[in-house]
Amino acid sequence: MKKKLSGWGRYPVAECEVTAPRDEAAVRAAVAQGPVIARGNGRAYGDAAMQAQGTLDMRRMNKVIAFDPVAGRVECEAGMLLGDVISAFLPHGWFPAVTPGTKLVTIGGCIASDVHGKNHRNDGTFARYLDWIDIMDADGDVVRADASSNSDLFRWTPGAMGLTGVILRAGFRLRPVESGWIRQEMVPAANLDAAMEVFETTDATYSVAWFDCLGRGDALGRSLVVLGDHATRDELPSDKRYRPFHVPARRRKKVPVDAPAFALNRYTLRAFNLLYHWNGSRQAGSSYVDWDSYFYPLDALLDWNRIYGRPGFAQFQVVIPLDSAKAGLTRLLDTIAASGQGSFLAVLKRLGAEGGPFSFPMEGYTLALDFPVNDRTLALMRELDAITVDHGGRFYLTKDSRLSAETLRAADGRVPDFIAMRAEQGLAGAFASGQSERLGL
Amino acid sequence: MKETVLILGGRSDIGLACAHAFAAEGHPVQLAARNVETLEPARADLALRHSVEVSLHEIDALATGTHGAFAAGLEPAPGIVICAIGALGNQTADEEDHAHAVEVMRANFEGPASLMAVFANQMAVRGEGVLVGISSVAGDRGRAANYIYGSAKAGFTAYLSGLRNRLAKQGVHVVTVKPGFVATSMTEGMDLPPKLTARPEEVGQAVLSAVRKRRNVIYVRPIWRVVMTVICAIPEAVFKKMSI
């Protein structure tokens, strides 16, 4: 059926032929028509999971196949939501080893994006916990890939944005936890130097900094660094210790209508950022936060992407390598502050070593910001692209909706190998997305 | 220990959604369908996700002679029975295909009513239990577009209403569910208006809440109550010339 699709950023929008397969045979039939791209829960920001000729909505293939409560191993179909993995297995004492900032993503999407979390420096990406994948190739055959058989496919698929085939099933490991609570510590940082100092010295499992994009001069990079560790059962206050995996249900709010475009000008942004700061400084110090509020604060605000109004928004997320991080981030933040287009959400994280041949993270700092889409912000992002390339930075394809093929090539030396691999394996004609066509992948 | 929930029509999207909603609350589940062994992946999924007992049971809704033995053989006897059996058919084709039209009517009325009958008697003896029938807004008024399906659902709605009346004094509660449009395999490929179309999970949640609150008749999306009130209020002289 023809459907108007967009990513989470609601930009760009395209008319796509969408099928929602319930079994392998239906996937095979769609692949035979080609080209296709698999789509999970539509949380990639741009056109990574959109193909005008054939988009496969994988959410109906979402069954748990097996669970080993002793080793924390899960086997499931690719359309299962990460949030459902948590509800099913946290009561057994297991939590995802790596989670992005929303639980409303599918496992297939986690693999295709090779997601990272606030613990990347310590624990790597999702791929590190992957035991195997079942993936459909261009001929409609299902291939089991793991570290020993079809190991090239197993290495290339994480981060490949679905361009190595349709991920059908996966086996992966979870992390043992003693409770559903996170011991959170908030550290206000006066500027970028102070924030980086916190990142470099902390031994917390999770770390992330929320930015006030409007700070200039000495206050550039003024931020709140949020550190977290899984709370042990013994350290919990007695009311929580009794049922350590039980956390209060959160009330969901919904953004009912599209906000008008003028709703987000620099004054409302400044007010929001100040409020966030104030709220943060007030809670400075240590506290226990339930897993849902800690990892997924925005999931409680359903359809929050509508706050940017009908034109949609774009996210700019890059990683700048460690040696040029300070200079690169300063240039980026300066340019953003000068433009007054600072975004609703700005996040800084420390990343660890690169984990795969087309996976996004590398040792350095990653900055992510949202911009409402308009001519001025698109021009600003092109400026930021150039700064990123100048500092040896790299772009996160999951967030991308507007990069040019030239910029991607300039930023990421791995692109030619990726294209060659796709050609060699006969994948190029069979699997393609709006993004891969735009970027010439 | 929470009551065991029997899902009649355990292959249907609505039936499975109900199974998930109740299993998530810790209810053991019995899935009944034809060729039920093919539901093993769904069984495993339910059991692993929600850590509850889930069993499979063979049932043919149209083999009404087997229903008594089927109900008697379930161990434990279910405290909540949800009937999601039904077939949409193809109105235009079935106007010519008499045999298939009859089958659609039997699948939507005779089979479901026969199953409800045996569980009603079982629950009446125990003096407790909840019966849930998934009927349809199509049963509220016969329309040219789907009256074969709709008339059978009308019969099922009336049957549930009668059962509720009879069993109210015996501690057994009966819920009639009129889901409206639902995005399921039954409606796949149809161009349904999004505001009027529920996801199967919404139906599951609505059934769970209706059972807990002992509701009598529910429309899953409240807008449907309004829509059907309007449709039922149109005078027959006007209605017969309309195409809706």
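Quick note: the coordinates plus some simple rules give every number you see, no bench work behind them. This is a predicted model, so every value here is computed, not measured. Positions of Cβ are backbone-derived with ideal geometry, glycine not excepted, and every protein chain shown enters the neighbour counts.
Does at least one position in segment A:45-59 carry a residue that is assigned to a loop (DSSP other than H, G, I, E, B), under 16 Å from B:Leu46 (Cα atoms) and not hydrophobic (A, V, I, L, M, F, W, C)?
No, segment A:45-59 contains no residue that is assigned to a loop (DSSP other than H, G, I, E, B), under 16 Å from B:Leu46 (Cα atoms) and not hydrophobic (A, V, I, L, M, F, W, C).
Find the helices (runs of 4 or more DSSP H) located wholly in segment A:374-431 whose residues include 3 or more that are without any contact (Cβ under 8 Å) to a residue 40 or more places away in the chain and under 27 Å from A:Gln33 (Cα atoms), and list them.
Answer list for segment A:374-431: A:415-424.
This table checks each residue for (1) farther than 23 Å from A:Leu322 by Cβ; (2) charged (D, E, K, R).
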position	(1), (2)
A:Thr398	no, no
A:Ser404	yes, no
A:Phe418	yes, no
A:Glu424	yes, yes
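Of the residues A:His120, A:His116, which single one is out of contact with any helix residue (DSSP H, G or I) (no Cβ under 9 Å at 6 or more places or on another chain) and surrounded by 21 or more Cβ atoms within 10 Å (Cβ to Cβ)?
That would be A:His120, the only listed residue that is out of contact with any helix residue (DSSP H, G or I) (no Cβ under 9 Å at 6 or more places or on another chain) and surrounded by 21 or more Cβ atoms within 10 Å (Cβ to Cβ).
Looking for something within 22 Å of A:Thr164 (Cβ to Cβ), more than 14 Å from chain B (Cβ to nearest Cβ) and without any contact (Cβ under 8 Å) to a residue 60 or more places away in the chain - is there at least one such residue anywhere in segment A:77-94?
no
If you take the residues of segment B:162-196 that are under 23 Å from B:Pro222 (Cβ atoms), assigned to a helix (DSSP H, G or I) and in contact (Cβ under 8 Å) with a residue 24 or more places away in the chain, which of them is farthest from the other protein chains (Cβ to nearest Cβ)?
Out of the qualifying residues, it is B:Arg164.
Residue by residue through segment B:100-112, note down the ones that are closer than 15 Å to B:Thr66 by Cα and buried (at least 22 other Cβ atoms within 10 Å of the Cβ).
Of everything in segment B:100-112, those that are closer than 15 Å to B:Thr66 by Cα and buried (at least 22 other Cβ atoms within 10 Å of the Cβ) turn out to be B:Gly111, B:Pro112.
I need the full set of residues from segment A:105-136 which are charged (D, E, K, R), under 22 Å from A:Arg414 (Cα atoms) and part of a loop (DSSP other than H, G, I, E, B), in order please.
If the condition is that a residue be charged (D, E, K, R), under 22 Å from A:Arg414 (Cα atoms) and part of a loop (DSSP other than H, G, I, E, B), then A:Asp114 is the only one that fits.
When only residues in segment A:144-185 that are without any contact (Cβ under 8 Å) to a residue 40 or more places away in the chain and not in a helix (DSSP H, G or I) count, which is surrounded by the most Cβ atoms within 10 Å (Cβ to Cβ)?
Here the residue is A:Ala145.
Mind listing whichever residues of segment A:186-206 are under 27 Å from A:Asp239 (Cα atoms) and assigned to a strand (DSSP E or B)?
Answer for segment A:186-206, where residues must be under 27 Å from A:Asp239 (Cα atoms) and assigned to a strand (DSSP E or B): A:Met186, A:Val187, A:Tyr206.
When the residues of segment A:6-25 are filtered to those that are surrounded by 15 or more Cβ atoms within 10 Å (Cβ to Cβ) and within 14 Å of chain B (Cβ to nearest Cβ), which remaining residue is farthest from A:Gly54 (Cα to Cα)?
Looking at the filtered set, the residue picked out is A:Glu24.
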